[in-house]
1. Take every Cα pair under 8 Å in the chain that's 6+ residues apart, average their separations, divide by the length, and report that relative contact order as a whole percent.
2. Dipole of region 57-127 (Lys/Arg Cβ +1, Asp/Glu Cβ -1, origin at the Cα centre): which of ALA111, GLN92, SER65 lies farthest to the positive side?
3. Long-range amide H contacts for ALA34: which residues qualify at under 5 Å (H placed 1.01 Å from N, peptide plane, sequence gap of 5 or more or a different chain)?
4. Rounded to the nearest 20 debye, what is the charge dipole size of region 3-249 about its Cα centre when +1 sits on each Lys and Arg Cβ and -1 on each Asp and Glu Cβ?
5. Most exposed first by the Cβ proxy, i.e. fewest other Cβ within 10 Å, how do ILE62, ILE166, ILE41 rank?
6. Give me the count of lysine pairs in the chain whose alpha carbons sit under 24 angstrom apart, restricted to pairs 8 or more positions apart or on different chains.
7. In whole Hz and in residue order, list the ³J(HN,Hα) couplings for region 239-245 that follow from phi through the Karplus curve 6.51 cos²θ - 1.76 cosθ + 1.60, θ = phi - 60°; x for Gly and Pro.
8. Mind listing the phi-derived Karplus ³J(HN,Hα) values for region 172-183, rounded to whole Hz, using 6.51, -1.76 and 1.60 with θ = phi - 60°, and x for any glycine or proline?
Amino acid sequence: MDIDLHCHSTASDGALTPRDLVLRAHEQGVKILALTDHDTIEGLPQAHQTAEEVGLQLINGIELSCVWGGATIHILGYDFALDDPVIVAATQALHHGRWLRSEEIAKRLAAKGIPNALEGAQAIQAELGDSANAPARPHFAQFLVKAGHVRDHGEAFRKWLGSGKIGDVKQHWPSLEATVTTLLQAQASISLAHVYHYNFTRTKRRRLVQDFVNAGGHALEVVNGMQPAEQVGTLSILAREFNLKVTAGSDFHLPRQWSELGRYRAVPADLTPLLHFPDAPTAPL
């Protein structure tokens, strides 16, 4: 695809620096890219500089963490001003919250006989060339693998870090309503990310979408990487039912995992895209 509206760099939990991410996107044929790091806009200035060098159109993006129904939910925001005071204040608060979260994850792991998890996760970040942001769960997962506590990344999440496990710390996030309000105040376009990641029942999934709409959200991410086609179909039905616009993206984090930049399942042609790019070679998203 020529457009990718969901990806991550080392500014949050990706493996490539913002510069290398943009260069890779360009190599993969992406013409329009949104960098949507978790709870930070730190990578956007470098990404913009690189995008200008290679002639790629970069959209300001972010993936904000929030809480709904006792679960961590992610909301995508697009096309806001990089110096918007509401976005700046929100990311500063989340920066602090992420450090508290990382410290709590390490504390819980230590109580289960796994010491030095925070330092280990930070060392993983340093290897990736990350900034002073708090380590995220993927960094803890890599530490657990490297320290021999689990066999692989998947086991780290199944045993320690996934939903409902001791490393699933969420008390430092704002509510879904507050997060949508923040993005509305910043005049951003807003999409509810990867609804199937939350492992909800059909009823709870529908209630989440309803509350997102009630809060003022604009769109549903109907395609996230190479997710199963039947999930795309179900999310498309929800988008039609709630009269939501749609987004799609690779949700790229690192090479050779989950999805490549610009690579994701097709969006049904009858759905209305959240963002319009008149000069784009492929359909807008």
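Bear in mind these aren't lab numbers, they're just calculated from the coordinates by the rules spelled out. Everything numeric in this text was worked out from a predicted model, so none of it was measured. Neighbour counts are summed over all protein chains in view; Cβ atoms, including those assigned to glycine, are modelled from backbone coordinates with ideal geometry.
1. Details: 554 pairs, mean separation 62.0, N = 285.
RCO, the chain: 22 percent.
2. Of ALA111, GLN92, SER65, it is ALA111.
3. For ALA34, whose amide H was placed from the backbone, the distant partners under 5 Å are ASP4, LEU5, HIS6, ILE59.
4. Working: 22 positive and 26 negative charges, 241 e Å.
With Lys and Arg at +1 and Asp and Glu at -1, about 1160 debye.
5. Numbers: ILE62 26, ILE166 16, ILE41 23.
Placing the least packed residue first, the sequence is ILE166, ILE41, ILE62.
6. Within the chain, the lysine pair count is 15.
7. Those phi angles translate into 4, 5, 4, 9, 6, 9, 6 Hz.
8. Those phi angles translate into 9, 9, x, 6, 4, 4, 5, 5, 4, 4, 4, 5 Hz.
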